[in-house]
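For reference, the structure discussed in these notes is given below.
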Amino acid sequence: MELWVGALNLGFLYAFMTMGVFITFRIHDFPDITVDGSFTSGAAATAVLIAAGFNPPAALLAGMLIGMAAGAVTAWIHARLDINGLLAGILVMTGLYSVNLHVMGRSNIPLLNQATLFTWMQKINPGMHAEIWISCVLCVILAVFWLGMSLFFRTDLGLSMRATGNNPVMAAANGVNVNRMKIFGIALANGFVGLSGGLVAQYQGFADIGMGIGSVVIGLASVIIGESILRKPSIHVKVIGVIIGSVVFRWMIAFALYVGMNPIDLKLLTAGFVLATLVISGAVGKPESAKMTWAERFKAAISHNRMMIAVGGIVILAISIPGIRALLTHRPDAGKIHRIGIVQIVDHSMLNVTRDAFLEEMNRIGYQSGKNCLFQVENANGDMSSVNTILDKFLADRMDVIVPISTGCTQAAMHKIKDQPIVFATVANPFIIDAGRSDTDHLPNVTGVYGSVPMDKVLEMVRQVRKGKIRIGSIWDAGQVNSVYNVEQLKQVVQQDADVVFVGATVTGSSEVFQAAQSLAQQQIDMFVLAPDNIVYSALDSVIKVSESKKIPMVITDVERLSDGALCALGYDYATSGIQAAHLVDRILKGESPGSIPFEKYSRLTIGVNLRAARQMGIAIPSELLDRTTVIIAEDGKVVQKKELIHKAVQAKRLALFQFGDNELMNQAAHGVLDELKVQGVMETYPLRIDRKNAQNEFYMAQSIAQEIVSQNYDYIVTLSTPALQVTAQVNKLIPHIFGAVTDPYRMGIAKTQQDHIPNITGVATFQPVEKTIQVMREIFPRARRIGIVWNPAEACSEACTYKARDEVGKQGFELVEVNVSSTSEVMDAVRSLLTRGVDLFLTSGDNTVNMAFNSVAALLRERRIPYFSNSFSDVERGGFIAVGADYEEVGRETARMAARVISGEDVGRIPINNYLPEKMYVNRMLAKEYGMELPEAFLNRAAKIR
Amino acid sequence: MIEISGLHKTFNANTVNEVHALKGISVAIAPGDFITLIGTNGSGKSTLLNAVAGSFLPDQGKIIIDTEDVTAKKDFQRAKFMSRVFQNPFMGTATQMTIAENLHIAYLRDQESLPRIRLDKARCEAYREAVKALEMQMEDRLDNIIGSLSGGQRQALTLLMAVLRRPKVLLLDEHTAALDPKSANQVIRLTQNFVEQGNLTTLMVTHSMQQALQVGNRTIMMNKGEIIDDISLKEKQRLTASDLLDKFADLRKSERLTDEMLEELRREYI
Ligand SMILES: Nc1ncnc2c1ncn2[C@@H]1O[C@H](COP(=O)(O)OP(=O)(O)OP(=O)(O)O)[C@@H](O)[C@H]1O
Ligand SMILES: [Mg+2]
């Protein structure tokens, strides 16, 4: 749900950009590339002003104006200097890159702790979910925008603008100043693009120099999607098409993420989709085709564009193969694929534990979701009629085995399904719902795991806590067979103890539970004893309220709920229910008939005591009970589990490992994280599932991934690299988040000091050891004077490193010679220019642009005998001389160690950020020989590795 | 109304493709004159019209319209008081916009386009009346886009757009050439009506001898960028198509026409 709402919001924000693209491409028939730059310009201006304390609307207006200025310049170059429009756009876009960097002053401006339009919105939020509230507000804004734009296009000015784009000769012949109109239109369009950039920056919580890349394609794709959905030519339909197209495009991305498609394939798919639509609409867009049938149009399209269709077809085919494969991995090699439908009645910890343990165990015994088996997990959310709908769906989808969890679901399933195997789990008593007469004599298509909480044991526990005469009160829903059964059991054991009096209250829904608890309190009960009952347990808070205010201790049968405030709990370990059910399903899938598999009882009991509640109630827990407990809630609220049960009692947790892109260092860090998590043993101790996410260096993809992680409710997030941290920090306010491979979290607003950070985010900060590198340079080359450095000012990390280098060179008596680059293709020229300026040593530090051209740089420097220093450990492998660097694998490991602490229960808020620099030196001795120098033995001894 | 003096235009000067398209054209056109312009292919008729419309600036010479020197004015500035219909029916309208919207663009010819909505019901009604008078079955299709109209309908509409604000000068460049004979006749009839009603000063290029003689009060013949003949109304009324051809033959004798050109004219006009 959140995923789609988040995508909707992004779609709304990007709709302004799409409108800009619509105006340029469709109204003005002008392929304006400026958009890629003006999007960032808008974001940059807005972010800078907000960070400087301006109020968000004013900042946003500035963003729009700078966009307009950019557009005006492009159009002016095109119209007045008579330069091809595409070229004019490219020129301005390229120029804007520098302008944007100057405006921002650095490559990335965080807005995390700033007041933005969206924090303003939340201030007037009437209590809705944050994203939904944003949707509502944006919906209104876009409705106004739609109306405004539709009306604008009908004004004299709007009509003249459209005529200019449609037929400039005609417009000029009718007195329209075509050039002026073009400048105005393109400026307006880029104004919207800038506005969009400003909005997106505020929404995602930062502006980055790279965030506009690809905007034109996204915008065009959105426009085309909108057009193919809404085909009416009238202008207000076209305008709404723009908005819808933008939203649908976002949904496509969300969907691709949702089905697990690789985002990189999605991008190609988008490109292919746009190409195909352009090819087809290019042909059918011809006026004479208005009366053609679709078949004729198609034929026309093909005959007009045979070449393009052929090329497009090949491209699309090549692109879609990975996508199709991604879809197919959900159902590989037909025949061997097993379909299992799981339905639970309600979100209830007992049922959730069963379900997760079931899934986990299935996975463990070789049923991998998406590989050889398909799990469909459904939740009826407390609505019995939904259970039937779900079962119908399971039947339609031809499930091989249906696993109902809870008595109600099992009953419905048995009633509806007669010839499909059913394996139930967490059912108190299958016999009272007529599943069979005994464990072996039962319905032919039904088997499962059952067990009711032994009420005699519960009472025994009660008597251990309270001796003497007592009155116990119980609440249950008389409409549920298993509840009635459980309470009957309780009544029976009570009858055998003359000192215990039973007082009961029944309810028909969770809303009545509070009243029932109050009425019991009035009847002077000494203790609440609650038998298993889904309804009562779903409203357990109401009972706790009464329990706490009247100081009546509460005994429950669900250990998972102990921390909510009950005194003690005795129940089955429902994880075993799920695990046993998994083995029954396995047997059925291997060919056994359910009729011949006896019902199984689950046996493992868990006993829990809440010491905090005990203290509050003034109750001493006798030591013989404490000895038997497996779970203790300590006085400070921490859950302490006894080791042998940890594995079974904790449900499978999910961790999202999110890296921004693929590069050497990130991959090393990711590898370190994965390996260290294993070493730390958390993978075994806690069933932990790790999902890897990769944004392929795209900001718009990163936003969607972050939204997806949050909406999927991952238990933990580990991010690698700065942008991944930033996008995630903006959308995630609750999930424990551990970051790594980040240079400076303090500057980004994640933290003020190591201790003082956002409560749910901590991690590892790794500054590059620039100073150290320069010291090493001095040590080995006492006579060297000039150090050359090539760096990309758009990279935050590189920027920080260069600043440090500037400080350190002075201390060491060097001179730093700098050359800036903006893309990998410029690196070699930059290095050559350094060489002509006579440098003795070469340094590169944390710069991805240079890193990408590493091999050729290293080869050239080797040829010229210029020693190459860097901060990346792996550079020496690739031909560098000496690297003093952070070992990113080790950084990943440290990140994992921190994650392990969080997973085993430590509070993220209390874990300080670790400024961790696992410094290592790697020396290339072979090059030293080439330089004709002998490295001192003492120095070599300090190196971690020598080549 | 129009005074052209010593007009020169050379395209692609100083290249192998150099064309001296107008060689010192001088002509005075009185208010209300309806001139038909004839001549061989490439004789410079369209270039002359474009020069008057301001599509390019002449190399030499002057154009004065209604006592105002417009030589240095841009086309869209001249369009405030001058309108034109092109040979190509696709050229004169915005094909993705509706009939009403196109007419409204023409309505804005001599006004600033401001961000206000003036294409309201009343205006649409006025346009419907105007379109109805064309008798081209377009009055019920005001909200259809031009792309759905036939060539004849488009050309009639472009003509209507041209005369909507009563221009000082109307320029027509073979505006019926791309149409079927029936539509062509209809458009010519409309042209005559509009010019007569508005007493418009008109320059019309044609390749039909018939049209050249029957329409208008003056005929100018061009050749190789020069005006080689100027026939008054009186003379026109006397002339038949073959007389005109004889005239061509005379011109040949005076060595202002070559044999091939004469041949071409015969082919073109008969
Ligand atoms: N924009 C231009 N660039 C280069 N040459 C041009 C241009 N316009 C016209 N010409 C040349 O000028 C000469 C006159 O052309 P123009 O179009 O005026 O002839 P025309 O009398 O209208 O002929 P037609 O009867 O074929 O329409 C031709 O040789 C033509 O090739
Ligand atoms: Mg011509």
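The values are calculated or read from the model by the stated rules, or taken from the named source; none is laboratory data. From a predicted model like this one, the values you see are computed outputs, not experimental measurements. Neighbour counts are summed over all protein chains in view; Cβ atoms, including those assigned to glycine, are modelled from backbone coordinates with ideal geometry. We work out accessible area using only protein heavy atoms, side chains counted, and drop any ligands, DNA or RNA first. Shrake-Rupley method; radii C 1.70, N 1.55, O 1.52, S 1.80 Å.
Tabulated data
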| quantity | calculated |
| --- | --- |
| Qualifying residue in the stretch B:68-80 (condition: within 14 Å of chain A (Cβ to nearest Cβ), more than 30 Å from B:GLU263 (Cβ to Cβ), in contact with a helix residue (DSSP H, G or I) (Cβ under 9 Å, 6 or more places away or on another chain) and within 14 Å of ligand 2 (Cβ to nearest atom)) | no |
| Tally, over the stretch B:2-61, of residues that are within 10 Å of ligand 1 (Cβ to nearest atom), under 25 Å from B:ALA241 (Cβ atoms) and not basic (Lys, Arg) | 11 |
| Residue within the stretch B:148-163 that is open to solvent by 20 Å² or more (accessible area, probe 1.4 Å), outside any helix (DSSP H, G or I), within 14 Å of A:ALA172 (Cβ to Cβ) and away from ligand 2 (no atom under 16 Å from the Cβ) present | no |
| Members of the stretch A:545-560 found to be of a type outside the set (Gly, Ala, Ser) and touching a strand residue (DSSP E or B) at 6+ places or on another chain (Cβ under 7 Å), listed by number | A:ILE552, A:PRO553, A:MET554, A:VAL555, A:ILE556, A:THR557, A:ASP558, A:VAL559 |
| Conditions (1) more than 12 Å from ligand 1 (Cβ to nearest atom); (2) surrounded by fewer than 22 Cβ atoms within 10 Å (Cβ to Cβ): number failed by B:ALA177 | (1) |
| Yes/no for A:LEU188 being in contact (Cβ under 8 Å) with a residue 12 or more places away in the chain and away from chain B (no Cβ under 14 Å) | no |
| Of the criteria (1) in contact (Cβ under 8 Å) with a residue 60 or more places away in the chain; (2) touching a strand residue (DSSP E or B) at 6+ places or on another chain (Cβ under 9 Å), which one B:ASN41 fails | (2) |
| Of residues in the stretch A:861-889 being among the aromatic types (Phe, Trp, Tyr) and either modelled with pLDDT under 85 or under 19 Å from A:ALA670 (Cβ atoms) (or both), the one least open to solvent (accessible area, probe 1.4 Å) | A:TYR888 |
| Residue within the stretch B:63-74 that is within 15 Å of ligand 1 (Cβ to nearest atom) and farther than 28 Å from B:THR176 by Cα present | no |
| Some residue of the stretch B:189-204 being crowded, with 17+ Cβ neighbours inside 10 Å, touching a strand residue (DSSP E or B) at 6+ places or on another chain (Cβ under 6 Å) and not in a strand (DSSP E or B) | yes |
| Long-range neighbours under 6 Å by Cβ, at least six apart or interchain, first residue among the aromatic types (Phe, Trp, Tyr) within the stretch B:81-102, second away from ligand 2 (no atom under 16 Å from the Cβ) | B:PHE81/B:PRO167; B:PHE81/B:LYS168 |
| Some residue of the stretch A:203-214 being acidic (Asp, Glu) and either surrounded by fewer than 23 Cβ atoms within 10 Å (Cβ to Cβ) or at pLDDT below 75 (or both) | no |
| Residue check, B:THR176 within 13 Å of chain A (Cβ to nearest Cβ) and either modelled with pLDDT under 95 or closer than 22 Å to A:VAL169 by Cβ (or both) | no |
| Search result, residues across the stretch B:205-251 that are out of contact with any strand residue (DSSP E or B) (no Cβ under 9 Å at 6 or more places or on another chain) and among the charged types (D, E, K, R) | B:LYS234, B:ARG238, B:ASP243, B:ASP246, B:ASP250 |
| Failed criterion for A:LEU159 (all others in (1) at the interface with chain B (Cβ under 8 Å from one of its Cβ atoms); (2) modelled with pLDDT under 95 hold) | (2) |
| The listed residue being in contact (Cβ under 8 Å) with a residue 24 or more places away in the chain and either over 30 Å from B:GLU112 (Cα atoms) or in a strand (DSSP E or B) (or both), out of A:LEU142, A:LEU91, A:LEU101 | A:LEU101 |
| Qualifying residue in the stretch A:919-939 (condition: under 30 Å from A:LEU655 (Cβ atoms) and of a type outside the set (Lys, Arg)) | yes |
| In the stretch B:10-66, the residues that are within 14 Å of ligand 2 (Cβ to nearest atom) and among the basic types (Lys, Arg) | B:LYS45 |
| Filter result (more than 18 Å from A:GLU894 (Cα to Cα), aromatic (Phe, Trp, Tyr) and buried (at least 21 other Cβ atoms within 10 Å of the Cβ)) within the stretch A:708-763 | A:TYR714 |
| Filter result for the condition that a residue is within 30 Å of B:PRO31 (Cβ to Cβ), more than 8 Å from chain A (Cβ to nearest Cβ) and within 16 Å of ligand 1 (Cβ to nearest atom), over B:VAL169, B:VAL131, B:VAL85 | B:VAL85 |
| Candidates B:ASN144, B:ASN102 - the one that is more than 16 Å from ligand 2 (Cβ to nearest atom) and modelled with pLDDT of 95 or more | B:ASN102 |
| Boolean, B:GLN137 is more than 9 Å from chain A (Cβ to nearest Cβ), free of Cβ contacts under 8 Å to residues at least 60 places away in the same chain, open to solvent by 40 Å² or more (accessible area, probe 1.4 Å) and of a type in the set (S, T, N, Q) | yes |
| Subset of the stretch A:905-947 [in contact with a Phe, Trp or Tyr (Cβ under 9 Å, 6 or more places away or on another chain) and open to solvent by 70 Å² or more (accessible area, probe 1.4 Å)] | A:ASN915, A:LYS920, A:LYS945, A:ILE946, A:ARG947 |
| Test: residue in the stretch B:232-253 that is open to solvent by less than 40 Å² (accessible area, probe 1.4 Å), assigned to a strand (DSSP E or B) and either closer than 30 Å to B:HIS20 by Cα or among the aromatic types (Phe, Trp, Tyr) (or both) | no |
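Each row is one residue, and each column tells you yes or no for (1) assigned to a helix (DSSP H, G or I); (2) under 34 Å from the mean Cα position of the chain (by Cα); (3) facing chain B (nearest Cβ under 10 Å).
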{"residue": "A:LEU112", "(1), (2), (3)": "no, yes, no"}
{"residue": "A:LEU151", "(1), (2), (3)": "yes, no, yes"}
{"residue": "A:THR164", "(1), (2), (3)": "yes, no, yes"}
{"residue": "A:ALA171", "(1), (2), (3)": "yes, no, yes"}
{"residue": "A:ASN179", "(1), (2), (3)": "yes, no, yes"}
{"residue": "A:ILE183", "(1), (2), (3)": "yes, no, no"}
{"residue": "A:LEU195", "(1), (2), (3)": "yes, yes, no"}
{"residue": "A:LEU199", "(1), (2), (3)": "yes, yes, no"}
